[in-house]
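Data first, discussion second: the structure below is written as structure tokens.
The values are calculated or read from the model by the stated rules, or taken from the named source; none is laboratory data. Quick caveat, the model's predicted, so the values are computed rather than measured. Cβ placement follows ideal geometry from the backbone for every residue including glycine, while neighbour counts extend to all protein chains displayed.
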Amino acid sequence: MPSLSAFRHNCGPVRGDGTRTSQGVLALAPGFSDREKQRYLAEVLDTGAVDRDFLNYVRQPFAVNTARGLARTLHATVLLESDANEAEFRERAEQFGILHLGTHAEMNATSPMYSRLVLSKSGSTTDAESDGYLHAYEIMRAGPEGTTRGAFRLRDGHRSYR
């Protein structure tokens, strides 16, 4: 399972002259710290619904540090730990020209649209729209009518995926 180091988002509303209105950098890094996992477990209402995969993701302190560095160098808006969740991503992504997601990614070679990025999750909901997994099919259908979804690029430090 590769760890995702960057995710470029070339989407957003397009002006009449063809330029994009979204600007700036949004950096998300769930971090997967023990504290974050304990928070998740404390929120779980049904212990039978615990996402064991989420609990086993390797901590990513360097991803958190990178996101903080982007705040200093590029004045990025930064969402860390529990704030780096699917609802925040959906609400804010269109506002930015570049997205950096310092997180885990799972590629699905058999069904690529089921490849997914792992974000922070809440234990108090089982809603697929906020399950902590941002699937490729969810990314492709994101965005208001009339926007260009553009090209998405995933980099895992070794290869690029388009």
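Starting from residues that are part of a strand (DSSP E or B) and more than 20 Å from Ala67 (Cβ to Cβ), keep the ones in the range 84-139 and report whichever is nearest to the chain's Cα centre (by Cα). This residue is His135.
Condition check: more than 22 Å from Glu138 (Cβ to Cβ), in a loop (DSSP other than H, G, I, E, B), at pLDDT 95 or above and out of contact with any Ser or Thr (no Cβ under 7 Å at 6 or more places or on another chain). Does Val64 satisfy that? Taking the combined requirement at face value, the residue does not satisfy it. The set of residues in the range 110-148 being on the phi > 0 side of the Ramachandran plot and modelled with pLDDT of 75 or more consists of Gly132 alone. Among the criteria (1) part of a helix (DSSP H, G or I); (2) among the β-branched types (Val, Ile, Thr); (3) touching a helix residue (DSSP H, G or I) at 6+ places or on another chain (Cβ under 8 Å), the one Val78 does not fulfil is (1).
For the range 35-49, a tally of residues being surrounded by 13 or more Cβ atoms within 10 Å (Cβ to Cβ) and assigned to a loop (DSSP other than H, G, I, E, B) returns 1. Please state which one of Phe54, Phe96 is touching a residue at least 12 places away in the same chain (Cβ under 8 Å), out of contact with any Lys or Arg (no Cβ under 7 Å at 6 or more places or on another chain), of a type outside the set (D, E, K, R) and closer than 24 Å to Tyr137 by Cα. Step by step, each of Phe54, Phe96 is checked, and only Phe96 is touching a residue at least 12 places away in the same chain (Cβ under 8 Å), out of contact with any Lys or Arg (no Cβ under 7 Å at 6 or more places or on another chain), of a type outside the set (D, E, K, R) and closer than 24 Å to Tyr137 by Cα. Please indicate, with yes or no, whether at least one residue in the range 44-53 is within 18 Å of the chain's Cα centre (by Cα) and either of a type in the set (Asp, Glu) or modelled with pLDDT of 95 or more (or both). Looking through the range 44-53, at least one residue is within 18 Å of the chain's Cα centre (by Cα) and either of a type in the set (Asp, Glu) or modelled with pLDDT of 95 or more (or both).
All told, Ala76 meets the bar of being of a type in the set (A, V, I, L, M, F, W, C) and either at pLDDT 90 or above or touching a Gly at 6+ places or on another chain (Cβ under 6 Å) (or both).
For the range 55-88, the candidate set comprises residues that are among the basic types (Lys, Arg) and more than 16 Å from Ser120 (Cα to Cα); within that set, the residue that is surrounded by the fewest Cβ atoms within 10 Å (Cβ to Cβ) is Arg72.
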